[in-house]
Structure formats: C-alpha cells, structure tokens
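Structure record follows, encoded as structure tokens.
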Amino acid sequence: MANIRDPKMKRITNKTLANAFINEQVKAIKKQVGSKKVLLALSGGVDSSVVAALLIKAIGKNLVAVHVNHGLLRKGEPEQVIKVFRHNLKANLIYVDASKEFLNKLKGVNDPEKKRKIIGKVFIDVFAREAKKLKGVAYLAQGTIYPDIIESKGVKAHHNVGGLPKDLNFKLVEPVKFLYKDEVRQVGLALGLPHDMVYRQPFPGPGLGVRCLGAITLDRLTALKETDYILRDEFKKAKLDQKVWQYFTIIPEGKSTGVINGKRLYGYVAVIRAVNTKDAMSATIEELPYAFLKKVTNRILKEVKNVNRVVYDITPKPIGTIEWE
Ligand code: XMP
C-alpha cells in the first residue's frame, strides 16, 4: 500500500468520526493478522498507547505489549502504563525493568550523541531479547503517525524500533500511520485512554537521559525526576499544562553552594524550561508568572534532596535548542 493518505479521508475531529475509524481499523487488523500474535513496544506515549488500545480491541490477548523501563522515564510513568494496560484494559503486558542495565551502559558517558546511541541500542537489545523469548509472533505493531512518514528526518529516529535485528522477521501493523497527532488523540479519547496520557507533552526518545546532563549519576537522575514531577504537578494545578508545548527541568553537572543552618552545603542546580513551538524547529519562551516560578522554586528547595538552587532558562530556539543536550 502506498504511504499516502487518501485525500478523501475525513479529518477525525470528534468522537463519532473517531469511533468510525476505530471500527474500520478493528476490522482491518483482524483481517490482516487473523489469529497470529502481534508484538508492540509500548512506551506509554500517545502513539504507542493508542495503537495498543486499538489492538487490544481487535485481538485482545494476541497483542503482546512490551514496556521497557529504561530508568529514564518520568516519575509515575511505568506505573501508569501498568495500571492502564494491565489492570484496566487487561492487556497481555510484559514489563521489563531494565533501568540498571541502561545506567550501567551509560556510566561515565558524557557525549550527548553517544548517550543517545547507547540508549537506542540498549533499547533494541532489551526489546529483541524479550521478543525472542516469545513463540508465534508474526507481526510487529508500530505507532508510526503521518508526520513521521512525511518528515523524512523525524525527531523520533532515535526511538523507533526500526533497527530490530532482521532475524526477528516481523511484518508490520501500523494502524495510525495516516493520522495526524490531533486525530490520534481523538481516537485515544474514544478508546477510553486517560486524558493525561492522550494529552501528554512530547517527550524525547532518550527520555530524561538528555536532561541529566553529561555523565548520568543516580542521585542527579533522582533529583531530575523529583523536580520534573513537581513542575508538572504545578503546571497542572495552574492549568498551564494544556497551554505550553513542553515544560521540564534539567539538572546540569557540577554543584552550587548553599547554606543551611549556618553550614555550607553543596547541592545540584535545577533548571526550569518551558517553551512553545509549532514544528520544534524554532521555539519561544513561555513567560511563566513570577508567583508561579516562586512557588515551584520553594517546593523544589523544600522537597528535593540535594537541590539548593533553581534557575529559569529564557533562551529561545535558535540559538538554544529545546533540550540542553
Ligand atoms: P531540540 O532540543 O533539538 O528538540 O530543539 C526538538 C524536539 O525534539 C525532541 N528531541 C528528541 N526526540 N529523540 C527524540 O525522540 C531525541 O533524541 C530528541 N532530542 C530532542 C525535543 O524534546 C523537542 O520536542
């Protein structure tokens, strides 16, 4: 089949159209895979989650979803994947906690591109190892969406599983490959996925690995997860979460001097970044209210061990990229 969306295809803008798409795809998937098993790398992002929910509807337990926790996911994410897919949707979910393996392989690695390569490679290794243990899997489902096909240089290049070893020999199932992101979200809502999963902000494939700058250490990674969690929580409370494209924290290398009870203490610096963009090629700064910044700062200083300074990055892209690495 040509990789071009049928120009007559209606844009999915509401629940009725989303349901029609779901019914059509459920039939198509059943016809394509029959009683064979389908494997999916379920990251918990909107695209793979929607594909998983569609496949569960079509073939139930014949979908084998593998969630690889590389230890670089945001706080609460692996738990949400398990809750939504294993408990609510009764999926056949294999959860692999590979965080130690990833951290070991990343030990002492400073260069951002090397870090990306390692994360991508270890991801494929772990996924392929799990896939080889399974019997009777003939298909691989992927959350490819239409912009991935249009943009030859998709930003997702680091994260897809296109680099799987050939001996696994899968045929592809890509049920949302002609949908735009807003349509994927409509379908996700119609399938009953939680709102915050469907409207999750974009997250880089290498995850928090490119926000824990330089050589990743467990204590800076922990500080990153905690500061990011507080920032997201406050964004949600202030209803800024649907207004801003990406907002996150970064923990640079090095330490800052602080003073507690008259004693000098060295701690980490947390950076707050919040940007808006249409295509990720350029980005502007979201001018967060001062009172909001103060609230987040106070919470971080009080709640996150080892962080004693919070700064706000107001660099637009260009020159600064959205991520620091
Ligand atoms: P930059 O930092 O290049 O980011 O301005 C643009 C967008 O791409 C995301 N990003 C990545 N996504 N793998 C991904 O899947 C990556 O290695 C990667 N690096 C950056 C970034 O979060 C932003 O949305």
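Observations, loosely collected:
- The chain: angle of helix 46-59 to the longest principal axis, Cα-based, in degrees nearest 10: 30 degrees
- With a threshold of 23 Å on the Cα-Cα distance, the over-threshold entries among Lys83/Lys278; Lys107/Lys255; Lys90/Lys181; Lys27/Lys177; Lys15/Lys57 are Lys83/Lys278; Lys90/Lys181.
- Charge dipole (the chain, unit charges on Cβ, about Cα centre) - positive-most of Ile285, Phe21, Thr222: Phe21
- Local net charge near Thr13, Cβ-Cβ under 12 Å (Lys/Arg +1, Asp/Glu -1): +2
- Ranking of Asp233, Asp182, Asp241, Asp228 by count of other Cβ atoms within 10 Å, fewest first: Asp182, Asp233, Asp241, Asp228
- Highest GNM mean-square fluctuation among Lys225, Lys107, Lys243, for the chain modelled with Cα contacts below 10 Å: Lys243.
- GNM flexibility winner over the chain from Lys133, Lys181, Lys31 (Cα, springs under 10 Å): Lys133
- Highest-MSF residue in the chain out of Asn261, Asn306, Asn62 [GNM, Cα springs under 10 Å]: Asn261
- Electrostatic tally near Tyr199: other residues with Cβ closer than 14 Å to its Cβ, Lys and Arg +1, Asp and Glu -1, net +2.
- Label-to-label distance, nm, for residues given as Asn110 and Tyr199 (7 Å Cα→Cβ offset): 4.3 nm
- Degrees separating the helix 112-133 axis from the principal Cα axis of the chain, which is the longest one: 40 degrees
- Distance (nanometres) between label positions extended 7 Å along Cα→Cβ at Glu287 and Lys100: 5.1 nm
- Computed magnitude of the charge dipole of the chain (debye, nearest 20; Cβ of K, R +1, Cβ of D, E -1): 700 debye
- Considering only beta bridges that DSSP places wholly inside the chain, some 35 percent are antiparallel.
- Partners of Lys239 within straight-line reach, counting aspartates and glutamates whose Cα lies under 13 Å from its Cα and excluding those fewer than 8 residues away in the same chain: Asp196.
- Ranking of Thr217, Thr284 by neighbouring Cβ atoms within 10 Å, starting from the fewest: Thr284, Thr217.
- Proximal charge balance of Asn62 [Cβ under 9 Å; K/R count +1, D/E count -1]: +3
- Top positive-direction residue, dipole computed over the chain with Cβ charges, set Ile119, Val68, Asn306: Val68
- Separation between Cα centres of the range 56-129 and the range 224-245, rounded to whole Å: 23 Å
- Its DSSP H runs of at least 4 residues, each contributing -39,500 (n - 2.57), put the calculated 222 nm mean residue ellipticity of the chain at -11500 deg cm²/dmol, to the nearest 500.
- In the chain, the longest principal axis of the Cα atoms and the axis of helix 15-33 are about 60 degrees apart.
- FRET efficiency for Thr321 and Ser35, using Cβ-Cβ distance with R0 set to 51 Å, rounded to 0.05: 0.65
Values quoted throughout were computed directly from the atomic coordinates according to the rules given, and no laboratory measurement underlies them. Everything quoted here is computed from the prediction, not taken from an experiment. We place every Cβ from the backbone using ideal geometry, glycine too, and count neighbours over all the protein chains shown.
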